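Undergrad: Right, I'll just put the structure down here and ask away after.
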Amino acid sequence: MNRLLTATASAAFALAVSAGAVTAQDFRELARQDLQKMHDELAANHPAAVVEGQASQTFRGWLDAGLQESLGMAPRANSGDAHSYLLRYYARGFRDSNIAASPTFEGMGPFFGISWPGYTTGWRDGKYVVTYVKPGTRNAPRVGSEVVECNLRPIEEFAREKLDRWEGNLETEAGRTTSAPYLLWNRNNPFADGVPSMCSFRTGRGRPREYEIRPVPLQAGDLEAAYRATVYMPPATPLAVETVDGRPWLHVHSFSDEAGWPAFNAQVEAQVAQIRGPQGFVLDLRAASGSGLNSSTARGYGLANRIWTPEFTVSRQPAAGDITYRASQGNRDWYAAALGRMEADPQFVAEAAPVIEQTREIVAAFDAAIAAGQQTFTLAGRPAVPDTGAANPVQGPVVVLVDAGCSGGCLDTLDLLSKLPNVRIAGTTTATDTIFVEPTILRLPSNYADLSYGHKAWTSRPRGNNEPFEPTGALRYTGNPADETAVRAFVSGLFGG
């Protein structure tokens with residue numbers, strides 16, 4: 001299903017409303033203002049406040065308690081990066097990847113840090129282990145050593161305080177994977193520990209050994225090399241088709257508009273006869289994240305339709321089922337503004353009249369529900385389509401390769417691909433998302449961050465709330481995710497090579 005469920009969102013994605021230039025640079029006060037605005041906006045408009053279920057219980061349990069906890073840390077927000085960290089902490093506390101506070105400035109990238117011990121860690125088989133040691137580093141544990149404790153605290157406790165909500169959601173496998181390299185780094189987060197002073201490591205079945213940890217001077221490229229040796233990072237060209245072991249390997253490592261989709265789609269169309277051949281092909285969705293003005297999901301569905309044809313995929317697309325709307329004035333205004341932009345665009349009027357009519361119906365339903373004093377209303381989404389009897393044009397087996405970076409529209413694309421014949425999902429556990437979908441985007445008072453959140457509840461979604469795709473058995477990759485040779489050997493073995 002579309003992450004932006006209709007083209008309504010394509011007309012409304014530019015919603016971010018500026019609150020005006022900030023004249024003072026008191027990040028403590030800016031953090032307090034932004035945190036309160038996040039709370040009030042979510043309380044007034046997020047469907048989890050009024051929809052029943054476990055996902056809503058998590059939301060309601062954090063809404064007020066998380067605000068107070070975050071406000072208590074606001075006096076330590078001493079910079080733009082600290083302000084960003086604190087807003088991220090509150091947003092991630094909802095355990096809903098569709099609730100996010102994103103900086104409007106270029107912040108810290110994945111390779112940022114101000115000090116480190118000369119080695120880094122990764123999340124492997126439920127443990128934090130050393131994955132990289134810079135050549136020449138003295139008194140360092142071996143690659144593969146398990147971290148047992150740091151600063152006299154069990155490693156789980158230390159990791160929770162250092163990483164959870166700040167760097168990732170440690171309730172998920174994906175959050176563990178992407179944040180693990182930061183366990184021993186100093187990322188200049190004033191709310192969490194930097195480089196620990198002492199940690200214990202275990203090699204094999206031996207007794208843990210204590211290491212005094214001393215930060216080493218940073219040189220250009222150090223942290224990037226360490227991170228890339230630990231977590232798969234996509235290539236500079238995220239969309240491409242190559243031939244590996246005699247079969248097509250389709251690289252799709254981004255769903256963003258800037259990834260080069262027109263050229264890639266043309267390349268797929270030119271080679272579709274080979275892609276559909278009996279040798280099979282690989283669809284590589286590792287690190288496939290990002291969003292577009294229209295819909296990241298539409299990118300994935302468009303690719304599937306080019307390979308399998310729309311006639312074959314239409315009956316296998318997940319039915320939308322019932323969609324529950326929060327009947328708030330804010331959500332009603334969002335749709336009304338989107339409708340106004342649609343109606344003012346002659347091309348949209350000419351090409352998407354059904355979408356405009358559907359949006360009018362949604363606005364009317366909001367008006368009726370608000371007038372009746374209802375908190376919610378439910379509309380039926382796209383129903384399941386009967387099997388058309390179209391033949392499967394893909395002759396061979398298909399391996400879809402995923403990892404922790406597969407998020408957003410990538411998950412929606414897997415909802416379809418996993419229902420196609422002769423398709424196997426392989427690799428490592430993906431990210432998760434919630435049933436609260438289709439984003440509202442709001443500029444926060446500081447002008448330094450945007451809040452985004454899903455404003456409708458897909459309560460009938462077949463894939464559960466915060467449920468990832470998790471390859472198991474022979475389809476699960478257990479090697480080094482950064483070792484491309486090993487990854488390709490693993491994939492080749494799935495084809496019997």
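Table: residues versus (1) more than 20 Å from L218 (Cβ to Cβ); (2) crowded, with 23+ Cβ neighbours inside 10 Å.
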residue	(1), (2)
G126	yes, no
P135	no, no
N139	no, no
N151	yes, no
A159	yes, yes
R165	yes, yes
A180	no, yes
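Undergrad: What is the residue count in the stretch 302-356 for residues that are more than 24 Å from D257 (Cβ to Cβ), modelled with pLDDT of 90 or more and hydroxyl-bearing (S, T, Y)?
TA: 4
Undergrad: I've got another one for you. What are the residues in the stretch 199-239 that are in a strand (DSSP E or B), within 20 Å of G144 (Cα to Cα) and open to solvent by less than 50 Å² (accessible area, probe 1.4 Å), if any?
TA: Answer for the stretch 199-239, where residues must be in a strand (DSSP E or B), within 20 Å of G144 (Cα to Cα) and open to solvent by less than 50 Å² (accessible area, probe 1.4 Å): C199, S200, F201, Y211.
Undergrad: Can you tell me which residues in the stretch 458-485 are crowded, with 22+ Cβ neighbours inside 10 Å and at pLDDT below 95?
TA: W458, R461
Undergrad: A follow-up question, please. Those residues that are closer than 30 Å to E41 by Cα, among the acidic types (D, E) and in contact with a strand residue (DSSP E or B) (Cβ under 7 Å, 6 or more places away or on another chain), I need them from the stretch 400-441; list them, please.
TA: Answer for the stretch 400-441, where residues must be closer than 30 Å to E41 by Cα, among the acidic types (D, E) and in contact with a strand residue (DSSP E or B) (Cβ under 7 Å, 6 or more places away or on another chain): just E438.
Undergrad: What residue, among those in the stretch 395-414 that are small (G, A, S) and part of a loop (DSSP other than H, G, I, E, B), is nearest to P278 (Cα to Cα)? Quick ask: steps written out before the conclusion?
TA: Within the stretch 395-414, the subset small (G, A, S) is 396, 404-405, 407-409.
Next cut, part of a loop (DSSP other than H, G, I, E, B) only: 396, 404-405, 407-408.
Details: G396: 4, A404: 30, G405: 29, S407: 30, G408: 31 Å.
This residue is G396.
Undergrad: Then there's this: Could you grab me the full set of residues in the stretch 371-389 that are open to solvent by less than 60 Å² (accessible area, probe 1.4 Å), at pLDDT 85 or above and among the hydrophobic types (A, V, I, L, M, F, W, C)?
TA: Listed by number, the residues that qualify are F377, L379.
Undergrad: Report yes if P262 is at pLDDT below 95 and either in a loop (DSSP other than H, G, I, E, B) or loosely packed, with under 14 Cβ neighbours inside 10 Å (or both), otherwise no.
TA: For P262, the condition - at pLDDT below 95 and either in a loop (DSSP other than H, G, I, E, B) or loosely packed, with under 14 Cβ neighbours inside 10 Å (or both) - is met.
Undergrad: Could you list, in sequence order, all residues of the stretch 59-84 that are modelled with pLDDT under 95 and open to solvent by 50 Å² or more (accessible area, probe 1.4 Å)?
TA: If the condition is that a residue be modelled with pLDDT under 95 and open to solvent by 50 Å² or more (accessible area, probe 1.4 Å), then N78 is the only one that fits.
Undergrad: State all residues of the stretch 440-496 that are outside any loop (DSSP other than H, G, I, E, B), basic (K, R) and under 21 Å from T172 (Cβ atoms); if no residue qualifies, say none.
TA: Within the stretch 440-496, the first condition is being outside any loop (DSSP other than H, G, I, E, B), and the residues that meet it are 440-443, 449-457, 473-476, 484-494.
Within this subset, residues satisfying the condition of being basic (K, R) are 443, 456, 476, 488.
R476, the sole residue that qualifies.
Undergrad: In the list A352, A337, A368, A344, which residue meets the criterion of being surrounded by fewer than 17 Cβ atoms within 10 Å (Cβ to Cβ) and more than 25 Å from A43 (Cα to Cα)? Don't jump to the end; show me each part of the working.
TA: Working: A352 fails: surrounded by fewer than 17 Cβ atoms within 10 Å (Cβ to Cβ); A337 fails: more than 25 Å from A43 (Cα to Cα); A368 fails: more than 25 Å from A43 (Cα to Cα).
From the options A352, A337, A368, A344, the qualifying one is A344.
Undergrad: Take the residues of the stretch 411-431 that are over 24 Å from A384 (Cα atoms) and within 18 Å of the chain's Cα centre (by Cα): which is surrounded by the fewest Cβ atoms within 10 Å (Cβ to Cβ)?
TA: If we take residues in the stretch 411-431 being over 24 Å from A384 (Cα atoms) and within 18 Å of the chain's Cα centre (by Cα), then T429 is surrounded by the fewest Cβ atoms within 10 Å (Cβ to Cβ).
The values are calculated or read from the model by the stated rules, or taken from the named source; none is laboratory data. Quick caveat, the model's predicted, so the values are computed rather than measured. Neighbour counts run over all protein chains shown; Cβ positions are idealised from the backbone, glycine included. Each accessible area value is taken on the protein alone, full model and side chains, heavy atoms only, with ligands, DNA and RNA left out. Shrake-Rupley method; radii C 1.70, N 1.55, O 1.52, S 1.80 Å.
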